[in-house]
Amino acid sequence: MSELDQLRQEAEQLKNQIRDARKACAEATLSLRLHTTLTQGHLAKIYAMHWGTDSRLLVSASQDGKLIIWDSYTTNKVHSIPLYSFWVMTCEYAPSGNYLACDGLDNICSTYSLKTGEGNVHVSHELAGHTGYLSCFQFLDDNQIVTSSADTTCACGALKRASRQPPFTGHTGDVMSLSLAPNTRLFVSGACDASAKLWDVPKGMCRQTFTGHESDINGICFFPKNNAFATGSDDATCRLFDLRADQELMTYSHDNIICRITSVSFSKSGCLLLTGCLGVTDDGMVVATGSWDSFLKIWN
Amino acid sequence: AGSGDVRTPLIPALRRQRQIEDIITKMQDDKTGGVPIRTVKSFLSKIPSVVTGTDVVQWLMKNLSIEDPVEAIHLGSLIAAQGYIFPISDHVLTMKDDGTFYRFQAPYFWPSNCWEPENTDYAIYLCKRTMQNKARLELADYEAENLARLQRAFARKWEFIFMQAEAQVKIDRKKDKTERKILDSQERAFWDVHRPVPGCVNTTEMDIRKCRRLKNPQKVKKSVYGVTEESQSQSPVHIPSQPIRKTTKDDIRKQITFLNAQIDRHCLKMSKVAESLIAYTEQYVEYDPFITPAEPSNPWISDDITLWDIEMSKEPSQQRVKRWGFSFDEILKDQVGRDQFLRFLESEFSSENLRFWLAVQDLKKQPLQDVANRVEEIWQEFLAPGAPSAINLDSHSYEITSQNVKDGGRYTFEDAQEHIYKLMKSDSYARFLRSSAYQDLLLAKKKGKSLAGKRLTGLMQSS
């Protein structure tokens, strides 16, 4: 047997061992009910949206080539930023409210500075390096941003020096989404290889891998406490994974759900898991949904 | 997922379509309690083979155990938007819970047949509609515009299209009158899905992010009207996903290291983990505005922003203070909580721990060019021999940190920070919770509530 085959065999044996060990831990089952589906209106396309940490301002990106920042409470537009490209797939607000980031089909993450003296918004930095479109990013702070891309990697880039650590590799499919853990420098990513991975930013490595989904994972979100996270997938299920148990806790699915799940978000206590194209505010008061019908709706 | 084997991508759209088709088939099965399909007498003629919106909604609620009619209507609309059932008098595909008439789509036109009709087909369709002198086949405004546009685009082969349209009209004429009514409406519904009314979502459009992956290599281009023509343009070539690299020995070695780490990892039982998550949600449920109404009121509902004013003020509410006691992280997260804790530590002359922790948090957010300086400052302030705010580290931790400082990066003090965090948590934090400072705050609002109330009403009266 060649060395390659021997190694393969060794890997298989380890996997079987792990599977048995996990089974031994899986002696309990949870059961939960599906809460009501929130109906959505439909018209033109919003591709992405994100709340600011003040739970009032939110940014939306639409296929009309604009980023709009809304004061969701008064429904006034605070900024309207025309983009170079019509193909925006995701947008993000820095926790400080000072920066916005968005991507285009050019695989570059452009950040916009919002608090310039002059009052107009312009591009402050550009982060290149990915060789596939950017599916998601989140600001760690005003100087660092974590990105995920269709080139199957994630990366952590520093804005002001436009440099980056070596990328986080490991996924074998487009990485569609990521979520930062509350209070720590960890994040999880979900990809088209149907797996989710937990990454350690300071150490630059993958700590754990979670499988179970049958198809692309489109959305991922940490539980309010950083021990668990939920994923939404093309297989029309959501799953809850726990870091300490190192496996899937349960699957949420329903015969009446006939669509793929694109985004998930927890309510403040973690009691409710909302799915769709949406985001829950930091203070947990409302959820905003954005849709291909060009409308953003705020629900509570 | 296997290691390095080629996974045939599941086609979620197909799975979804099969689900809908199951529902639709059951709905039409009158032997097992399907929806009543009738011919309705109208003014001068009969309307064949229809069902009402209400009947559909009722059926969905009964057979899919849906309690809320709104959810059933939503599901019905989704099924309609995909083109499996359609309103006979409207191009817009939604479901209404009333006497509106709907018809089921013919399996020939089902989306699962992988239709991607070309514009030539659409042109033939619109063209033949203009050839038939029937009020019900008159073109809508947007259809007339589409036809005009297609005539310009296909100017050179319009004669061919015209001939195909005539041929279709001939075929149609041979059919029975009632059958034609039904087929015409089904054909129109098919085009409503693939060439929707402006303003409607095109449900056949794929998420652009998934487009580039080879979805269905078996898909064969076919024409709705059986038109075969050499000059018909080929469909754009699908760019296959990134070619799979052959796994090397190195890849597998890495995998083995990873798997070994996984086995060695101590993992908790699911029951314990589930208990802990449930305990968390139970504790925080009162802080979740989706479940427990916010006090005094949720500004989004009542339009009264008192709640936000209270949160911005320096005086924390009792609920907020209570939360600081849930975990050490809670008090560290809250600005007001941190201030209170800092004040308490100052009274005990041990504030250097918290100040160190905060300085290290801040360091991690600094731009790269400032990092080296900050590292030096923190070292001098808290750790260097003779430091003004010396913190207490064990010798091992001190060793590691002094080594790290030489390279001065964002995570230089990670080890030290963790040590100090644990120290504060087990020692100072526990004492803080027992302290009169904290206890007073916890109870303070009970005393001060009436005062605050009076103050507010005072304000309102004077304005």
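Summary of values
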item: All positions within segment B:271-295 that are assigned to a loop (DSSP other than H, G, I, E, B) and free of Cβ contacts under 8 Å to residues at least 12 places away in the same chain; result: B:D288, B:P289, B:F290, B:I291, B:T292, B:P293
item: Search result, residues across segment A:193-235 that are among the small types (G, A, S) and at the interface with chain B (Cβ under 7 Å from one of its Cβ atoms); result: A:A194, A:S195, A:S215, A:A228
item: Residue list for segment B:23-71, restricted to those being among the charged types (D, E, K, R), within 14 Å of chain A (Cβ to nearest Cβ) and closer than 23 Å to B:I182 by Cβ; result: B:K26
item: Test result for B:D55, of a type outside the set (F, W, Y), over 24 Å from the mean Cα position of the chain (by Cα) and buried (at least 19 other Cβ atoms within 10 Å of the Cβ); result: yes
item: Residue, nearest to the chain's Cα centre (by Cα), within segment B:58-77, restricted to residues that are farther than 24 Å from B:Q186 by Cβ and at pLDDT 90 or above; result: B:M61
item: Sole exception among (1) within 46 Å of the chain's Cα centre (by Cα); (2) in contact (Cβ under 8 Å) with a residue 24 or more places away in the chain for B:N373, by number; result: (2)
item: Some residue of segment B:248-270 being among the acidic types (D, E) and in a loop (DSSP other than H, G, I, E, B); result: no
item: Of residues in segment A:143-184 being under 23 Å from A:K225 (Cα atoms) and not in a strand (DSSP E or B), the one farthest from the other protein chains (Cβ to nearest Cβ); result: A:A181
item: Residue in segment B:382-396 that is small (G, A, S), under 19 Å from B:H419 (Cβ atoms), more than 14 Å from chain A (Cβ to nearest Cβ) and part of a helix (DSSP H, G or I) present; result: yes
item: Cβ-Cβ under 8 Å pairs, at least 6 apart or on other chains, segment A:143-161 side on the phi > 0 side of the Ramachandran plot, far side modelled with pLDDT under 90 and not in a strand (DSSP E or B); result: A:T152/A:G132; A:T152/B:Q242
item: The listed residue being hydrophobic (A, V, I, L, M, F, W, C) and more than 30 Å from B:V285 (Cβ to Cβ), out of B:V321, B:V336, B:V360; result: B:V360
item: Answer residue from segment B:296-307, given it is facing chain A (nearest Cβ under 10 Å) and in a loop (DSSP other than H, G, I, E, B) and is nearest to B:R320 (Cα to Cα) among those; result: B:N298
item: Every residue from segment B:144-191 that is aromatic (F, W, Y) and assigned to a helix (DSSP H, G or I); result: B:W158, B:F160, B:F162, B:F190, B:W191
item: Residues of segment B:80-118 classified as acidic (D, E) and surrounded by 20 or more Cβ atoms within 10 Å (Cβ to Cβ), total; result: 0
item: Selection status of B:Q361, of a type outside the set (V, I, T), part of a loop (DSSP other than H, G, I, E, B) and closer than 30 Å to B:D407 by Cβ; result: no
item: Single unsatisfied condition, B:E205 versus (1) among the acidic types (D, E); (2) away from every other protein chain (no Cβ under 14 Å); (3) within 43 Å of the chain's Cα centre (by Cα); result: (2)
item: Among (1) touching a strand residue (DSSP E or B) at 6+ places or on another chain (Cβ under 8 Å); (2) surrounded by fewer than 20 Cβ atoms within 10 Å (Cβ to Cβ) - the single one A:F210 does not satisfy; result: (2)
item: Where A:D106 falls short, out of the listed (1) touching a strand residue (DSSP E or B) at 6+ places or on another chain (Cβ under 6 Å); (2) over 28 Å from A:S55 (Cα atoms); (3) away from chain B (no Cβ under 13 Å); (4) at pLDDT below 90; result: (1)
item: Whichever residue in segment B:119-164 is aromatic (F, W, Y) and in contact with a Phe, Trp or Tyr (Cβ under 8 Å, 6 or more places away or on another chain) and, among such residues, is surrounded by the fewest Cβ atoms within 10 Å (Cβ to Cβ); result: B:Y122
item: Long-range neighbours under 7 Å by Cβ, at least six apart or interchain, first residue of a type in the set (A, V, I, L, M) within segment B:13-25, second at pLDDT below 85; result: B:L14/B:S112; B:I20/A:I258
item: Filtered residue count, segment A:181-190, keeping only those that are under 12 Å from A:V201 (Cα atoms) and surrounded by fewer than 19 Cβ atoms within 10 Å (Cβ to Cβ); result: 1
item: Conditions (1) out of contact with any strand residue (DSSP E or B) (no Cβ under 6 Å at 6 or more places or on another chain); (2) over 28 Å from A:H79 (Cα atoms); (3) modelled with pLDDT of 85 or more: number failed by A:N183; result: (3)
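For every residue, the table says whether it meets (1) surrounded by fewer than 17 Cβ atoms within 10 Å (Cβ to Cβ); (2) without any contact (Cβ under 8 Å) to a residue 40 or more places away in the chain; (3) among the charged types (D, E, K, R).
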{"position": "A:P95", "(1), (2), (3)": "no, no, no"}
{"position": "A:G104", "(1), (2), (3)": "no, yes, no"}
{"position": "A:C109", "(1), (2), (3)": "no, no, no"}
{"position": "A:K115", "(1), (2), (3)": "yes, yes, yes"}
{"position": "A:G129", "(1), (2), (3)": "no, yes, no"}
{"position": "A:Y133", "(1), (2), (3)": "no, no, no"}
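Each row is one residue, and each column tells you yes or no for (1) more than 8 Å from chain A (Cβ to nearest Cβ); (2) more than 32 Å from the chain's Cα centre (by Cα); (3) closer than 30 Å to B:Y438 by Cα.
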{"site": "B:K249", "(1), (2), (3)": "no, yes, no"}
{"site": "B:N260", "(1), (2), (3)": "no, yes, no"}
{"site": "B:V273", "(1), (2), (3)": "no, no, no"}
{"site": "B:A279", "(1), (2), (3)": "yes, no, yes"}
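The values are calculated or read from the model by the stated rules, or taken from the named source; none is laboratory data. What you see is a predicted model; the values in this text were computed from it and never measured. All Cβ positions, even for glycine, are placed from backbone atoms using ideal geometry, and neighbour counts span all protein chains on display.
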